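**Student:** Quick one: the structure is below, questions incoming.
The values are calculated or read from the model by the stated rules, or taken from the named source; none is laboratory data. Given the structure is predicted, the values throughout are model-derived calculations rather than measurements. Glycine gets a Cβ as well: all are built from the backbone with ideal geometry, and neighbour counts include every protein chain shown. These accessible areas exclude ligands, DNA and RNA; they are computed on the full protein's heavy atoms, side chains included. Shrake-Rupley method; radii C 1.70, N 1.55, O 1.52, S 1.80 Å.
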Amino acid sequence: MGQQAVMSVTSRRSWFSRHTWWLLRRTSQLTLLGLFLAGPLYGLWILKGNLASSTVFSVLPLTDPYIYLQSIAAGHKMGTLASMGALNVVIIYLLLGGRAYCSWVCPINIVTDLAYWLRTQLGISASLPLKKSSRNWLFIMVLIVSALTTTIAWEIVNPITLLQRGLVFGMGMAWVIMLAVFLLDVFVSRRAWCGHLCPVGVFYGVLGKVSLIRIKAADRQACTDCGDCFTHCPEPQVIAPALKPANEQASPLILSGDCTNCGRCIDVCDERVFTFATRWRYGKRP
Amino acid sequence: MADTANPDHAHYLSRRQFVGQCLQTAGGFSLIGLLLGAYSAQSVSTPAWALRPPGAIDDEDFLAACVRCGLCVRACPFDTLRLATFAEDVATGSPYFIARQVPCEMCEDIPCTAACPTDALSKELDDVGQASMGVAVMTGLDTCYSITGAAHCRACYLACPLQGEAITMEQKRTGRRTYFEPTVHAAHCTGCGKCEKACVTEQASIKVLPTVLAKQDR
C-alpha cells in the first residue's frame, strides 16, 4: 500500500495514463458480460449461452477447454459443436495470450481485484502462505474426481461460471461462493484465488507458455528499480526473468504462462519499460 | 511465502522433510478431492419434481456430458427450461423443468436438443413423440374429479399431446356407478407434463415422475 500511495503522489502522469490498460480490461470484461445479457434482456443475440459454452451470432461455437477435458475424463464422448468450440477457444488464446482469459474475460477477476484493492486499503499484511503449485494439484485433482464420479466435477463449485451464469441466468445462492472468494482474498491470503488456487487459470497458463502476444520489457535499461511493476503485478514472479535477467542476452519477453497479459506493468511504469509485443517479432525464437 | 523462499534452502531439505512435504500436499488435495467428490456424487440424483429436457441421456451420464451452458434454455421458445442455481436440489447449473409450472410443449423440431453442443441432449432423438422425460402417474386416485364423480373432468386427457395414446379415459364400474378413469400408457407417455399442468384439482392428481423413478428399480 505504501508504495502505491507514493507512486500516485510522485508520478508525473495522469490517472488515465496510469490506468489505460486497466480501463480497457474492465471494459472488455463488462462488455462481454453485457453481450451475454443483451440477448435475454433486449433480444440482441450476439453471445448466447455462458462461459462454459456459447455461440457467437448463433454460428461460431465456443467451449471452455478445461470443462471439455473434465467431460472427457468423466467418460463422455463430446458432441461436434463442443469439440469445435473447445478448439476455437484454444486457438483464440494461443493468439491473445493464454491467461488473457483471466484478466480480460473472467468476471471473478473483478471480484478478486476488488478484494486485493480493499486488502491494501485496509493495510492487511497477514497472509496464509499458499503455494503457487496448489492450483496445479487442484487442476489434476479435479480431473481425477471427474473420472471417479463421472461428473464434470469443478462445475459444481467453479466460481467463474457460477458468477457468470448467475448474472445471465439467475443468481440463486451462487453469491455465497463469490463472497467466500472475496473474503478469502481480502482476509486470508494475498491474491489467493486467481494467483494460487484456480485450476481454470492453469489450463490457460499452459496455452500462455506458447501464445503469440506477450508483454515485453522492451526498454529495460530505463528501469529505475522503483518496484511499481512488482507491487501491482498479480503474478510478480513473471517479471524478473525479463526485466532483471542474469544474462544480458536473455529475452525481454515475459515468457511465463502465469502472466495474464493484464498490462498493469505497462500502466504503472513511469519509464515506459513495458509494452505489448508478439513472441516472434524480433529475430528468431527468444 | 513458501514459493518465494530462498531457493538455497532447497539444498538443506532432508529426505524426511521432503517425504513429509509430499505427504502433506497429497493429503491436503486428497481431502479437498474427497469433499468435491462427495458433493458431486450427491448431486447426481435429481429430485422427483425436476424433469430433464427431451433427449437427455441417462442421469448417471448426464452430468458427465452437460456443461451447464444454458443453450437449451435459450433455444426453448416457451420458457419451460431453467438452469439450477447453486445449492439447489438439482445439480448446479444443469437444465430442468417443473411440469406443474411450465410443461414441455414438445416442439416438433426439438430446438433444445438441437442447440446442445455436447450431446447431453442426444440428437438421436428425432421424433419428439419418442422422448422419455418421465412418465405420468395417477397420484390422486382419491382426488381426481373424474374418478370421484365430482365433475365430468377430462382435462389431462384433452391436454395430452398424444391424446388417446398416452392417456385414455377408461370406463370403470363400481357397484353403484360408472366413471371414467384417466389411464396412462407408459409406453407412449413422453413425460411432457401437460396433463399435470392441466389438472384442475388443488394438488395435481396426475404427476410426471422422472423415468429413472417410474421405470427403473434401485
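**Student:** Which angle from 0 to 90°, rounded to the nearest 10, does the C-alpha axis of helix A:199-208 make with the longest principal axis of chain A?
**Tutor:** Once rounded, one gets 60 degrees.
**Student:** Tell me, rounded to the nearest percent, the portion of alpha carbon pairs in chain B spaced more than 22 Å apart.
**Tutor:** Working: 13978 of 23653 pairs.
Tail of P(r) above 22 Å: 59 percent of Cα pairs.
**Student:** What does the charge dipole of the protein assembly as shown about its Cα centre add up to, to the nearest 20 debye, if the Cβ of each Lys and Arg holds +1 and the Cβ of each Asp and Glu holds -1? Don't skip to the end; give the middle numbers.
**Tutor:** On the way: 44 positive and 36 negative charges, 252 e Å.
I would put it at about 1220 debye.
**Student:** I want the local charge near A:GLY98. Using Cβ-Cβ distances under 14 Å, sum +1 for each Lys or Arg and -1 for each Asp or Glu among the other residues.
**Tutor:** Values: positive: A:ARG99, A:ARG135, A:LYS209, A:ARG214, A:ARG279; negative: A:ASP64, A:GLU235, A:ASP258.
Once all neighbours under 14 Å are counted, the net charge is +2.
**Student:** Still on this structure: Throw me the Rg/Rh for the range A:80-149, computed over C-alpha atoms with Kirkwood Rh, two decimals. Please list the in-between numbers first.
**Tutor:** Values: Rg = 16.7 Å, Rh = 15.4 Å.
Using only Cα positions, Rg/Rh for the range A:80-149 is 1.09.
**Student:** How big is D, in µm² s⁻¹, for the range A:1-148 by Stokes-Einstein at 25 °C and 0.890 mPa s if Rh is the Kirkwood radius over C-alpha pairs?
**Tutor:** Working: Rh = 18.4 Å.
It comes out at roughly 133 µm²/s.
**Student:** Quantify how strongly other chains surround peptide B:25-37 by giving the mean number of their Cβ atoms within 10 Å of each of its Cβ atoms. Intermediate values should be presented prior to the final figure.
**Tutor:** Working: counts 4, 2, 0, 3, 8, 3, 1, 7, 10, 2, 2, 12, 8.
Going residue by residue through B:25-37 and averaging, the value is 5.
**Student:** Okay, next question. Ignoring everything except DSSP H segments at least 4 long, calculate the 222 nm mean residue ellipticity for chain B; use -39,500 (n - 2.57) per segment, divide by total residues, nearest 500.
**Tutor:** Details: 8 runs with 64 residues, N = 218.
Taking each H run of at least 4 residues, the total per residue is -8000 deg cm²/dmol.
**Student:** Any residues in the range B:68-112 that have 30 Å² or more less accessible area with all protein chains than in their chain alone, probe 1.4 Å, and which are they?
**Tutor:** Those residues are B:ARG68, B:CYS69, B:LEU71, B:ARG74, B:LEU83, B:THR85, B:PHE86, B:THR92.
**Student:** Measuring from centroid to centroid over Cα atoms, what is the spacing of the range B:137-215 and the range B:95-135 in Å?
**Tutor:** Each part reduced to its Cα centre gives a spacing of 22 Å.
**Student:** What's the long-distance tail for the range B:62-127, i.e. % of Cα pairs beyond 16 Å?
**Tutor:** Values: 967 of 2145 pairs.
Percent of Cα pairs beyond 16 Å in the range B:62-127: 45.
**Student:** How far, in degrees from 0 to 90, does helix B:15-42 lean away from the longest principal axis of the Cα atoms of chain B, to the nearest 10?
**Tutor:** 10
**Student:** Are there cysteines in chain A with no other Cys C-beta under 4.7 Å, and if so, which?
**Tutor:** A:CYS102, A:CYS106, A:CYS194, A:CYS198, A:CYS223, A:CYS226, A:CYS233, A:CYS259, A:CYS262, A:CYS269
**Student:** How large is the Kirkwood hydrodynamic radius of the protein assembly as shown, counting all unique pairs of alpha carbons, in Å? Intermediate results must be reported in sequence, preceding the final value.
**Tutor:** Details: mean 1/r = 0.0391 Å⁻¹.
One over the average 1/r among Cα pairs gives 25.6 Å for the protein assembly as shown.
**Student:** Size of the dipole of the range A:71-200 about the Cα centre, Lys and Arg at +1 and Asp and Glu at -1 on the beta carbon, nothing else charged, in debye to 20? Don't jump to the answer; show the numbers that get you there.
**Tutor:** Numbers: 9 positive and 3 negative charges, 55 e Å.
So the magnitude is around 260 debye.
**Student:** Tell me what chain A gives for mean residue ellipticity at 222 nm when only DSSP H runs of n ≥ 4 count, each as -39,500 (n - 2.57), the sum divided by the residue total, rounded to 500 deg cm²/dmol. Don't jump to the answer; show the numbers that get you there.
**Tutor:** Values: 13 runs with 136 residues, N = 286.
Value at 222 nm, helices only, nearest 500: -14000 deg cm²/dmol.
**Student:** Of the options A:PRO252, A:TYR204, A:SER127, report the single residue whose Cα projects farthest towards the positive end of the charge dipole of chain A (beta-carbon charges: Lys, Arg +1; Asp, Glu -1).
**Tutor:** The residue sitting farthest along the positive end of the dipole is A:PRO252.
**Student:** Across chain A, how many lysine pairs, 8 or more apart or on two chains, come within less than 24 Å at their alpha-carbon atoms?
**Tutor:** Final tally of qualifying lysine pairs is 11.
**Student:** What span do the alpha-carbon atoms of chain A cover on each of the three principal axes, reported in whole Å from largest to smallest?
**Tutor:** So the three principal-axis extents are 53, 47, 41 Å.
**Student:** To the nearest 100 Å², how much accessible surface do chains B and A hide from each other in total, with a 1.4 Å probe? Write out the running numbers ahead of the final one.
**Tutor:** Details: alone 13520 and 14200 Å², together 24340 Å².
Looking at B and A, the buried total is near 3400 Å².
**Student:** Would you be so kind as to identify which of A:ALA73, B:TRP49, B:THR183 lies farthest towards the positive end of the dipole of the protein assembly as shown, taking Lys and Arg as +1 and Asp and Glu as -1 on Cβ and the Cα centre as origin?
**Tutor:** Ranked along the dipole, the leading option is A:ALA73.
**Student:** Please report the net charge: other residues with Cβ closer than 14 Å to the Cβ of B:PRO103, K and R +1, D and E -1. Walk me through the intermediate numbers first.
**Tutor:** Details: positive: B:ARG52, B:ARG82, B:ARG100, B:LYS194, B:LYS197, B:LYS207; negative: B:ASP79, B:GLU105, B:GLU196.
Net charge around B:PRO103: +3.
**Student:** Taking amide H atoms as placed 1.01 Å from N in the peptide plane, list the residues 5 or more away in sequence, or in a different chain, whose amide H sits under 5 Å from that of B:VAL208.
**Tutor:** Placed amide hydrogens put B:VAL137 under 5 Å from B:VAL208.
**Student:** I need the trypsin sites (Lys or Arg not before Pro) found in the range A:21-130, filtered to DSSP loop residues with at most 13 other beta carbons within 10 Å of theirs. Walk me through the numbers before you get to the answer.
**Tutor:** Details: sites: A:ARG25, A:ARG26, A:LYS48, A:LYS77, A:ARG99, A:ARG119; in loops: A:LYS77, A:ARG99.
Answer by residue number: A:LYS77.
**Student:** At a threshold of 8 angstrom on Cα-Cα distance, excluding pairs fewer than six apart, so keeping six or more, what relative contact order does the range A:54-151 reach in percent? The partial results should precede the final answer.
**Tutor:** Values: 66 pairs, mean separation 35.5, N = 98.
Over the range A:54-151, the number comes to 36 percent.
**Student:** Roughly speaking, to the nearest percent, how much of the protein assembly as shown's 1.4 Å accessible area is carbon and sulfur? Walk me through the numbers on the way to the answer.
**Tutor:** Values: 14860 of 24340 Å².
Here carbon and sulfur together make up 61 percent of the probe-accessible area.
**Student:** Enter the per residue convex hull volume of the range A:63-191, computed from alpha-carbon coordinates, in Å³ rounded to the nearest integer. Can you show the working numbers first?
**Tutor:** Details: hull volume 16.2 nm³, N = 129.
For the range A:63-191, the hull spanned by Cα atoms encloses 126 Å³ per residue.
**Student:** Dipole size in debye (nearest 20) for chain A around its Cα centre, Lys and Arg Cβ +1, Asp and Glu Cβ -1?
**Tutor:** Working: 26 positive and 13 negative charges, 91 e Å.
Dipole about the Cα centre, nearest 20: 440 debye.
**Student:** Counting each pair of different Cα atoms once, what's the Kirkwood radius of the range A:61-118 in Å, rounded to one decimal? Can you show the working numbers first?
**Tutor:** Working: mean 1/r = 0.0785 Å⁻¹.
Mean inverse Cα-Cα distance, inverted, gives 12.7 Å.
**Student:** Right, here's the next one. Looking only at A:PHE16, A:PHE276, A:PHE203, which one moves most when chain A is put into a Gaussian network model with springs between Cα atoms under 10 Å?
**Tutor:** Residue with maximal mean-square fluctuation among A:PHE16, A:PHE276, A:PHE203: A:PHE16.
**Student:** Still on this structure: Residues of the range A:42-87 that become at least 30 Å² less accessible with every protein chain present than in their own chain isolated, using 1.4 Å: which are they?
**Tutor:** For the range A:42-87, once contacts with the other chains are taken into account, A:LYS48, A:SER53, A:HIS76, A:GLY79, A:LEU81 lose 30 Å² or more.
**Student:** Taking only Cα atoms, what is the 0 to 90° angle, nearest 10, from helix A:108-121's long axis to the longest principal axis of chain A?
**Tutor:** 40
**Student:** Under the definition of partner shielding as Cβ atoms of other protein chains within 10 Å of a residue Cβ, what is the mean value for peptide A:140-150? Don't skip to the answer; put the middle values down first.
**Tutor:** Values: counts 2, 10, 5, 0, 5, 10, 5, 1, 4, 12, 9.
For peptide A:140-150, the averaged partner shielding equals 6.
**Student:** In the Gaussian network model of chain B, springs joining C-alpha atoms below 10 Å, which of B:LEU162, B:LEU36, B:LEU81 carries the largest mean-square fluctuation?
**Tutor:** Result: B:LEU36 has the largest fluctuation of those listed.
**Student:** Per chain B: cysteines with no other Cys C-beta under 4.7 angstrom?
**Tutor:** Lacking a cysteine Cβ partner under 4.7 Å: B:CYS22, B:CYS66, B:CYS69, B:CYS76, B:CYS107, B:CYS116, B:CYS144, B:CYS153, B:CYS160, B:CYS189, B:CYS199.
**Student:** Add +1 for every Lys or Arg and -1 for every Asp or Glu among the other residues with Cβ under 13 Å from the Cβ of B:LEU158, and state the total. Working shown, then result.
**Tutor:** Working: positive: B:ARG154, B:LYS194, B:LYS197; negative: none.
With Lys, Arg at +1 and Asp, Glu at -1, the neighbours total +3.
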